[in-house]
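First the structure, in the form of structure tokens, and then the observations on it.
The values are calculated or read from the model by the stated rules, or taken from the named source; none is laboratory data. From a predicted model like this one, the values you see are computed outputs, not experimental measurements. As a convention, Cβ positions derive from the backbone with ideal geometry for all residues, glycine included, and neighbour counts pool all protein chains shown. The protein model used for the area step is the full one, side chains on, heavy atoms only, and it has no ligands, DNA or RNA in it. Shrake-Rupley method; radii C 1.70, N 1.55, O 1.52, S 1.80 Å.
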Amino acid sequence: MTQAARPYIRMNGAGNAFIVVQAFEEGFHPDEAQVRALADPAAGLGGFDQLIGVEPSETADAFMRVWNADGSMVETCGNALRCVGWLLLEATDKEEVVIDTLGGPTTARRAGDHLVTVDMGAPRLEWDQVPLAEEMDTRGIELQVGPIDAPLLHTPGAVSMGNPHVVFFTDRQDDAFVRGSGSLVEHHPLFPQGVNVGFARVLDRDHIRLRVWERGAGLTLACGTGACAALVATARRGLTERKATVVVDGGELTIDWDETSGHVFMTGPVEVERTGLLPQA
């Protein structure tokens with residue numbers, strides 16, 4: 001990976017922190033150790049949840065590659081799609097752009113000043129699409145945390161939004177509980193690819209408070225695909241409508257699971273924090 005003099009943009013989407021690197025002319029292929037080194041606060045980038053490479057695409061306006069802070073490459077990231085979407089919209093002066101990812105393509109369009117809506121596509125709800133290690137009803141899978149006769153968490157919903165999510169319905173959302181339970185479930189053998197772990201508290205039919213333990217990143221201020229998964233999981237259980245405001249630590253996201261198309265649309269804020277140069281390898 002050539003890092004010398006390579007510029008980056010530090011952005012956040014509802015608090016979800018990204019380092020975005022433009023890789024249209026020159027490839028950007030850091031290995032796990034290099035990503036972890038960049039994520040270390042000692043690197044001077046301020047730490048991040050995900051490192052984003054924006055590459056050329058033959059079928060879309062750009063291809064977005066995503067690495068978690070632990071160096072693992074993941075399929076997609078909803079909040080990063082909004083940030084990259086905003087950059088492409090600003091650069092092209094279009095009203096809508098297409099971004100491809102390892103989890104599939106999506107479209108991003110303007111929704112206001114520093115607001116972007118992304119079409120996250122249809123949720124994948126079959127057990128082998130999440131994926132799970134064995135066949136289960138994904139509206140409430142056979143998983144619990146805590147004693148068998150008095151579990152602290154149980155029967156979560158499972159959804160793929162291009163990456164795997166499990167969503168627990170609970171009022172317990174304190175840091176220690178989320179960290180402890182999330183780290184335990186993230187690598188559970190039921191999830192062969194690991195899993196993002198959501199803790200959703202339904203406030204009313206159109207309001208969800210959500211905290212997410214992200215696979216490979218830990219407890220983050222926001223998770224766009226996690227917010228989408230939470231809305232889908234709660235709606236499937238009849239706990240909310242198909243459109244709701246999802247309140248995350250870093251702000252609010254509006255999630256709409258459109259009944260006609262079956263697609264999930266996410267609208268939320270984009271912020272550019274600063275620009276700079278990656279440290280030399």
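Odds and ends about this structure:
- Taken over the range 103-140, the criterion of being of a type in the set (Asp, Glu) and within 16 Å of Val264 (Cα to Cα) is satisfied by Asp119 alone.
Yes/no per residue for (1) within 21 Å of Gly218 (Cβ to Cβ); (2) among the β-branched types (Val, Ile, Thr):
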site	(1), (2)
Ala80	yes, no
Asp100	no, no
Thr106	no, yes
Asp113	no, no
Leu125	no, no
Gln129	no, no
Gly140	no, no
Pro147	no, no
Gly162	yes, no
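- In the range 252-267, the residues that are on the phi > 0 side of the Ramachandran plot and under 14 Å from the mean Cα position of the chain (by Cα): none
- Single residue of Thr275, Thr234 found to be crowded, with 22+ Cβ neighbours inside 10 Å and in contact with a strand residue (DSSP E or B) (Cβ under 7 Å, 6 or more places away or on another chain): Thr234
- Of all residues in the range 125-158, those satisfying the criterion of being part of a strand (DSSP E or B) and open to solvent by less than 90 Å² (accessible area, probe 1.4 Å) are Gln144, Val145, Leu153, Gly157, Ala158.
- Filtering Phe28, Phe24, Phe18, Phe48 for residues that are in contact (Cβ under 8 Å) with a residue 24 or more places away in the chain, surrounded by 23 or more Cβ atoms within 10 Å (Cβ to Cβ) and outside any strand (DSSP E or B) leaves a single hit, Phe48.
- Residue tally, condition touching a helix residue (DSSP H, G or I) at 6+ places or on another chain (Cβ under 6 Å) and within 15 Å of Ala233 (Cα to Cα), over the range 126-152: 1
- Checking Thr170, Thr240, Thr254, Thr225 one by one, the residue that is among the β-branched types (Val, Ile, Thr), open to solvent by 10 Å² or more (accessible area, probe 1.4 Å), at pLDDT 95 or above and within 29 Å of Gly146 (Cα to Cα) is Thr170 and no other.
- Verdict on Ala33 being over 20 Å from Arg274 (Cα atoms), assigned to a helix (DSSP H, G or I) and hydrophobic (A, V, I, L, M, F, W, C): yes
- Per-region count, the range 87-123, residues crowded, with 22+ Cβ neighbours inside 10 Å, more than 12 Å from Asp61 (Cα to Cα) and not aliphatic (A, V, I, L, M): 2
- Hey, Val84 in contact (Cβ under 8 Å) with a residue 60 or more places away in the chain, part of a helix (DSSP H, G or I) and of a type outside the set (S, T, N, Q) or not: yes
- The range 89-124, residues that are part of a loop (DSSP other than H, G, I, E, B), over 20 Å from the mean Cα position of the chain (by Cα) and more than 19 Å from Ala14 (Cα to Cα): Asp93, Lys94, Glu95
- Residue match in the range 173-192 (condition: modelled with pLDDT of 95 or more and in a strand (DSSP E or B)): no
- Taking first residues from the range 141-158 that are hydroxyl-bearing (Ser, Thr, Tyr) and partners that are part of a loop (DSSP other than H, G, I, E, B), the Cβ contacts under 8 Å between residues at least 6 apart in sequence or on separate chains come to Thr155/Gly140; Thr155/Ile141; Thr155/Glu142; Thr155/Leu143.
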